[in-house]
Amino acid sequence: MPEPILDIRGLDAHYGDFQALYGLNLTLAPGEVLAIIGSNGAGKTTLLRSISGLMSNGAAQIRYRGTPIGALRADQVASLGIALVPEGRQLFPSLSVEENLLIGGRVKRAGPWSLSKVYELFPILQDRRHQASTSLSGGQQQMVAIGRALMANPDLILFDEISLGLAPIIIRDIYAALPGIVGGGMSAVIVEQDISKALSVSSRVYCLQEGRVSLEGDSATVSRDDISRAYFGIA
Amino acid sequence: MDWVNAVIQGALLGGLYALFAAGLSLIFGVMRLVNIAHGDLIVMAAYLGLTTSVALGVHPLLALVLVIPMMAAIGYVLQRGILNHTLGDDLLPPLLVTFGLSVIIQNVLLEGYSADPQKMNGGALETASVSVGSLSLGLLPILTFVVAVGVIAGLQWMFYHTALGRSFRAVSDNQDIAQLMGLNKRHIFGLAMALALAVTAIGGIFLGIRTSFDPSIGGGRLIFGFEAVIIGGLGNLWGTLAGGVILGVAQTVGAKIDPGWQILAGHIVFLLILAVRPNGLFPRVSA
Ligand SMILES: Nc1ncnc2c1ncn2[C@@H]1O[C@H](COP(=O)(O)OP(=O)(O)OP(=O)(O)O)[C@@H](O)[C@H]1O
Ligand SMILES: [Mg+2]
């Protein structure tokens with residue numbers, strides 16, 4: 001196995017007195033697509049916030065290409081090549097669609113993604129590029145959020161529930177775009193409530209439960225029973 | 001004709017108030033910081049202008065070439081060294097710290113320059129005037145107003161057409177997500193304060209050419225700037241200019257009725273507008 005691009009060992013995360021993650025371990029190989037599932041409040045978003053630097057953790061608890069990044073700020077992590085598509089999209093309301101994309105490209109990393117590539121992936125955004133980002137439909141906003149993350153040309157992209165609140169047909173469109181994104185060798189962590197969606201796009205899956213890994217397996221072979229047990233904690 | 005004159009003089013005075021207000025508006029917009037020391041920083045800029053122009057024997061407006069970068073540097077260091085540490089969910093710490101800063105600046109100026117009123121020598125600019133019909137308008141107020149319009153237009157352009165402005169708006173919208181874009185908010189806040197104090201430098205020097213000043217007048221300038229921002233509507237730079245003009249006109253018209261009424265008339269108009277339009281006349285339309 002090649003050296004992991006992301007290596008998480010004994011990750012703890014806290015919100016004040018409340019502990020949200022307990023000694024979590026997780027590895028991701030370069031180019032791999034990993035799915036994270038788990039019920040509400042399991043700690044999925046907390047995990048992605050920790051990786052992306054929005055939460056500060058013990059430095060050595062998260063290693064990226066061997067470098068400890070657990071204690072870095074989000075802007076420092078971003079410049080190393082990790083991008084987050086946050087839960088709930090979180091576009092900048094004062095910025096137009098195109099400005100949201102441009103600011104994503106601010107870290108100026110070299111790579112295949114550019115404004116025109118993002119418009120190629122999501123043509124509708126080009127027509128809407130001067131509109132306020134808030135005037136778009138939920139699905140289009142999600143496309144902007146994904147495009148904004150791609151503009152940084154990350155080596156590792158983190159998706160937090162990109163299908164949340166979207167109509168099935170829109171979800172299908174967005175997932176149809178995924179191979180075009182990760183096919184280029186980008187590594188990805190996909191947090192997803194829809195288990196069959198999660199399994200179909202990933203090679204390995206982790207299930208979180210109350211801040212701990214309750215299951216780790218190959219997406220192709222993991223059994224539904226094991227998942228339900230890991231998901232709901234039925235022993 | 002006297003009344004028309006009062007209104008026009010007031011409108012031009014509004015340019016000066018807009019210069020006081022623009023920096024306040026900018027930093028409140030970007031980082032939700034209410035800078036109580038803003039007026040004292042204006043006065044400090046006036047003293048820096050005085051010292052520079054006297055030491056180098058140059059016109060105060062030429063001293064701007066040095067005072068603008070000085071104030072900008074002070075702004076960046078002040079923000080990164082002190083103010084950034086006060087920002088958070090609680091609005092009180094920045095208020096208290098900038099209040100303390102206001103007291104410190106006043107005392108330092110008092111030590112360095114004494115309480116005696118000082119004035120910058122604007123030379124012929126102070127008395128030059130242009131006749132418009134039967135009105136005679138001072139060149140200095142006109143120049144102040146033109147510069148204020150230029151500054152507001154420049155800030156507006158920077159905000160909506162440059163990468164820096166985009167970063168300011170992004171950080172203002174959502175600090176966490178902006179950090180994800182590789183923006184270090186501490187640095188961005190430092191740049192915003194630098195820009196705000198660069199504008200303050202211009203306001204301070206025009207103030208110091210127009211009237212005499214002493215270390216204690218910062219509070220009044222803060223209030224005028226603050227009123228201009230609120231009248232115009234938070235987060236709207238052109239509104240801030242309009243707010244300054246309204247305040248200036250209220251003051252000169254008030255003074256025309258009774259010289260003792262100048263300041264009071266401004267405050268009354270401010271309160272009336274606040275009562276009728278609590279968000280100011282031109283609040284930024286939230287997207
Ligand atoms: N800002 C916060 N302050 C305090 N507790 C928090 C905060 N954010 C999350 N938590 C708690 O941390 C735990 C993990 O939350 P997290 O958002 O990571 O879960 P999640 O798996 O992403 O859930 P969901 O599927 O609902 O998005 C939950 O118990 C949640 O209540
Ligand atoms: Mg979540």
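Placing one equal scatterer on every Cα of segment B:20-130 and applying the Debye formula, the log10 ratio I(q)/I(0) at q = 0.20 Å⁻¹ is -1.12.
Using helices alone, what [θ] at 222 nm do you get for chain A, with -39,500 (n - 2.57) per DSSP H run of 4 or more residues, divided over all residues and rounded to the nearest 500? Write out the running numbers ahead of the final one.
Values: 9 runs with 80 residues, N = 235.
Value at 222 nm, helices only: -9500 deg cm²/dmol.
The C-alpha atoms of chain B define a longest principal axis, and helix B:237-257 lies at about 30 degrees to it. Taking all protein chains as they are arranged and a probe of 1.4 Å, the heavy atoms of B:R166 leave approximately 50 Å² accessible to solvent. Under 5 Å between amide hydrogens, built in the peptide plane, is the criterion, and for A:A188 it picks out A:E32, A:V33, A:L34, A:I157 among residues at least 5 positions away or on other chains.
Please work out the Kirkwood hydrodynamic radius for the protein assembly as shown, using every pair of different C-alpha atoms, and report it in angstroms with one decimal place.
Numbers: mean 1/r = 0.0388 Å⁻¹.
Averaging 1/r across every pair of different Cα atoms and inverting gives 25.8 Å.
If you take the accessible area of B alone, add that of A alone, and subtract the area of the pair, what total do you get in Å², probe 1.4 Å, to the nearest 100? Buried area between the two chains comes out at roughly 1900 Å². Shielding of peptide B:163-174 by partners, expressed as the average count of other chain Cβ atoms within 10 Å per residue Cβ, is 4. Taking all Cα pairs closer than 8 Å and separated by 6 or more residues, the relative contact order of chain A comes to 26 percent.
Remark: the protein assembly as shown carries a charge dipole of roughly 600 debye about the Cα centre, counting +1 on each Lys and Arg Cβ and -1 on each Asp and Glu Cβ. Of the accessible area of segment B:201-287, computed with a 1.4 Å probe over protein heavy atoms only, carbon and sulfur atoms account for 69 percent.
Given a Förster distance of 41 angstrom, what is the FRET efficiency for A:R9 paired with B:L281, based on the Cβ-Cβ distance and rounded to 0.05?
Working: r = 58 Å, r/R0 = 1.41.
Using R0 = 41 Å, I get an efficiency of 0.10.
Here each label is just a point 7 Å from Cα along the line to Cβ, and for A:N25 and A:Q131 those points are 4.9 nm apart. Compute the acute angle (0 to 90°) between the alpha-carbon long axis of helix B:218-232 and the principal axis of greatest extent of the alpha-carbon atoms of chain B; round to the nearest 10°. Approximately 80 degrees, to the nearest 10. Helix hunt in chain A: which complete DSSP H runs extend at least 20 Å axially by C-alpha with mean Kyte-Doolittle at least 1.0? TM-like helix candidates: A:168-182.
Here segment A:69-93 and segment A:121-183 have alpha carbon centers that stand 16 Å from each other. The mean accessible area for residues of the protein assembly as shown, using a 1.4 Å probe and ignoring ligands and nucleic acids, is 42 Å² per residue. As a size descriptor, the averaged projected area of the C-alpha convex hull of segment A:1-130 was calculated at 9.6 nm². In this view, the solvent-accessible surface of B:K119, computed with a 1.4 Å probe and all protein chains in place, comes to about 80 Å².
Per residue, the Cα convex hull of segment B:67-128 amounts to 139 Å³.
Take the Cα radius of gyration of chain A and divide it by 2.2 N^0.38 Å, with N its residue count; two decimals is plenty.
Working: Rg = 17.1 Å, N = 235, 2.2 N^0.38 = 17.5 Å.
My calculation over the Cα atoms of chain A gives 0.98.
Since only A:V144, A:V118, A:T134 are under comparison, the one whose Cα sits farthest along the positive direction of the charge dipole of segment A:96-199, derived from C-beta charges on Lys, Arg, Asp and Glu, is A:V118.
Per-atom-type breakdown for segment A:83-179 gives carbon and sulfur 53% of the accessible area (1.4 Å probe, protein chains only).
Just to make sure I understand: if all protein chains stay in place, what is the order of B:S25, A:S39 by accessible area at 1.4 Å, largest first?
On the way: B:S25 10, A:S39 40 Å².
Putting B:S25, A:S39 in descending order of accessible area: A:S39, B:S25.
Using a simple charge model, +1 on the beta-carbon of Lys and Arg, -1 on the beta-carbon of Asp and Glu, nothing else, what dipole does segment A:64-131 show about its Cα centre, in debye to the nearest 20? Intermediate values should be presented prior to the final figure.
Values: 9 positive and 6 negative charges, 47 e Å.
Using only the charged Cβ atoms, the result is roughly 220 debye.
Rounded to the nearest whole Hz, the Karplus-based 3J(HN,Hα) values (6.51 cos²θ - 1.76 cosθ + 1.60, θ = phi - 60°) of segment A:3-13 follow the sequence 4, x, 6, 10, 9, 10, 10, x, 6, 10, 9, with x at glycine and proline. Couplings 3J(HN,Hα) for segment B:149-155, derived from phi with the Karplus relation 6.51 cos²θ - 1.76 cosθ + 1.60 (θ = phi - 60°), are 4, x, 5, 5, 4, x, 5 Hz, where x marks Gly and Pro.
Given +1 at the Cβ of Lys and Arg, -1 at the Cβ of Asp and Glu and no other charges, the dipole of segment B:150-258 around its Cα centre is 220 debye to the nearest 20. Going toward the positive end of the dipole of the protein assembly as shown, with +1 on Lys and Arg Cβ and -1 on Asp and Glu Cβ, which of B:G235, A:T45, B:Y160 do you reach last? The listed residue farthest towards the positive side: B:Y160. Remark: C-alpha extents of chain B on the principal axes read 60, 47, 33 Å, sorted largest to smallest. Stokes-Einstein diffusion of segment B:142-287 at 10 °C, 1.306 mPa s viscosity, Kirkwood radius from Cα pairs, rounded to a whole number: 94 µm²/s.
The values are calculated or read from the model by the stated rules, or taken from the named source; none is laboratory data. Everything numeric in this text was worked out from a predicted model, so none of it was measured. For neighbour counting, all protein chains shown are included, and Cβ atoms are generated from backbone atoms with ideal geometry for every residue, glycine included. Side chains included, ligands, DNA and RNA excluded: accessible areas come from the protein's heavy atoms. Shrake-Rupley method; radii C 1.70, N 1.55, O 1.52, S 1.80 Å.
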